Each structure stands twice: as structure tokens, then as C-alpha cells.
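Please treat every number below as a calculation from the coordinates, not as lab data. Computed from a predicted structure; not experimentally measured. Neighbour counts run over all protein chains shown; Cβ positions are idealised from the backbone, glycine included.
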Amino acid sequence: MGEKNKSGGGGAGVKRVHAMSCGFFDFPSDYILPGDEESAGGTVRIEIGMFLLEHERGNILIDTGCAVECASDPAAYWGEEAAAWGRLSMSRDDAADMQLAKLGFRIEDVSHVVLTHLHLDHAGGMSLFPGASIYMQKKELAAAMRPEPEFSTGYYEPKDFAGAGGLNIIEIDGDFDIFGDGSVRLIFTGGHSRGHQMVLAKTSDGGELLLPGDACFNRRALDLGLMPGAPIPEPAAAKTACEAVRAAVARGARVEFSHTIVAGSNNI
Ligand SMILES: [Zn+2]
């Protein structure tokens, strides 16, 4: 009691949240909403989320979408098999740099980049940010560098990391507090990928903000209690992460999902 809103006019925290989309994926429903009888066997269109958090100590980009090269030819960049699984609709304007420009931000205005994980729809634009501190889990980098066979094609794209040597990558091991004041915390989950993490932030008006990454794809998955599609490297951890998202919603946190379903897609 008494902690909430005690600063009255703007405590340490996220002042504004901007949701951006790096285009859309048309995916088999059974991967995005496994167990949803209404959409089973069909295709759902999902957004590819990226988020900019305005914080008094720097602007933080959460995830970077797909690589710029995918705007012209995803099959050439990812290979035919990966491009046929999740069919991408992306124009050059959808890439992270252009989406930020549309909001009035330059690349240099982003001082921190958080990658929830390194799948090709989250880490593809990381090389656009050579001046930022780029946070990722040590375990995730290891998983991406030597992917297990079933999580290679369509999950990790080695070309996304080809320029990583020139970036300011900060490998973290477990939970991490970016500013050391509890206002933006990275929560290790594993599950959907070996080193998956979520972002849990405080807003300057005293609220709580959760960016679950792929711990829970979208509102429908949350409402129906669905896990991200199989194969999942760590099913038990994925389940725990889903429960953590549910608990955050239950205590009133604002949640921004990474793969919102485009309304009307597959009639859901
Ligand atoms: Zn994803």
C-alpha cells in the first residue's frame, strides 16, 4: 500500500510504448494456436511485433523483426523451406529502421535493444543497430549458433548474426535489470527457445507492462490457454512462462503481444 503512484508526476519508468509491425506472417493455425478447434487446419495471419519503449534513461527497442533482405525475397534469404512454412508479407517500409522513422526516431535514438530470442522474426534487424547495447541471453546465442536440427530451418537464420562481431552484444545469464532500478527487467523463461526472455517494465504512471515475446503469442492463445506450437525445446518451461503471462494479466499488467492475430483472419 502506498507504493503505487507515490511519485505522482512521472516516476522512473516507461513513459510511452509504441507498437510496430515488421509485416505479417501467414502460418498454419496449428502452429500459432495449437488446440484451437475453431481455427484448426487453417491459416492465420499474425503481426510481427516490435516495440519501442520511451524511458528517461534511453529508448529501448524490443525485438527487431525480420532482416531487411526479406522485404524483397524471403526465400532467397531464408531458403525455400523456411519461406514456405511462414509466408511473409513485408515491404521495405516494414523493417525496423523505417518503422522507427515513421514514429520520428532515428537509429541513433535507440540506445538499448532487447532480443526476446533470436528466431528470424525477432533478431533479423539487429545489425541495423551498431551503436546500441544489444541484450540477449547467453543460452540463446549458444542455441542460435549451433541450432539443434529440428530448430534450424525456419527458426534461426545464421545470416542474421553474420555481422554480430561489430555489434555491442551484452550476453546475460538469467534475469537482468537494465538500469539497476527495477524499471525494466528481463526475465529468463527458456521454453519456446532455450534462451527465451520476457520484458517486465514499470510505467511512469505506476503501472506494469509485460512484453512476453513468444512466451505467449497473442490474446487468443492467452484466453484459450494455448502454448506456442510444437516443437518446443523445453515444454515444461514454456508452460511455466505461459502461466507467468497469465498471472501478470490477472494482476492488471498491460500486455503487448508479439504475434497479434489480424482481425478476421481465418474467421477468428
Ligand atoms: Zn516470433
| said: Considering only region 109-118, I want to know if a residue exists there that is farther than 21 Å from Glu69 by Cα, assigned to a helix (DSSP H, G or I) and of a type in the set (Asp, Glu). | reply: yes
| Filtered residues of region 154-163 (kept if at negative phi and buried (at least 17 other Cβ atoms within 10 Å of the Cβ)) | Tyr155, Tyr156, Glu157, Asp160, Phe161
| query | Quick one: in region 218-231, which of the residues that are more than 16 Å from the chain's Cα centre (by Cα) and in a loop (DSSP other than H, G, I, E, B) is farthest from Phe151 (Cα to Cα)? | reply | Gly225
| When you look at Ser133, is it polar (S, T, N, Q) and within 24 Å of Lys202 (Cα to Cα), yes or no? | yes
| Would it be correct to say that Ser258 is closer than 26 Å to Thr64 by Cβ, within 15 Å of the ligand (Cβ to nearest atom) and in contact with a Gly (Cβ under 6 Å, 6 or more places away or on another chain)? | yes
| Pick from region 177-217 the residues that are closer than 15 Å to Arg246 by Cα and part of a loop (DSSP other than H, G, I, E, B): which of them is nearest to the ligand (Cβ to nearest atom)? | Asp214
| note | Within region 31-63, restricting to residues that are outside any strand (DSSP E or B) and within 16 Å of the ligand (Cβ to nearest atom), the one that is nearest to Val14 (Cα to Cα) is Asp63
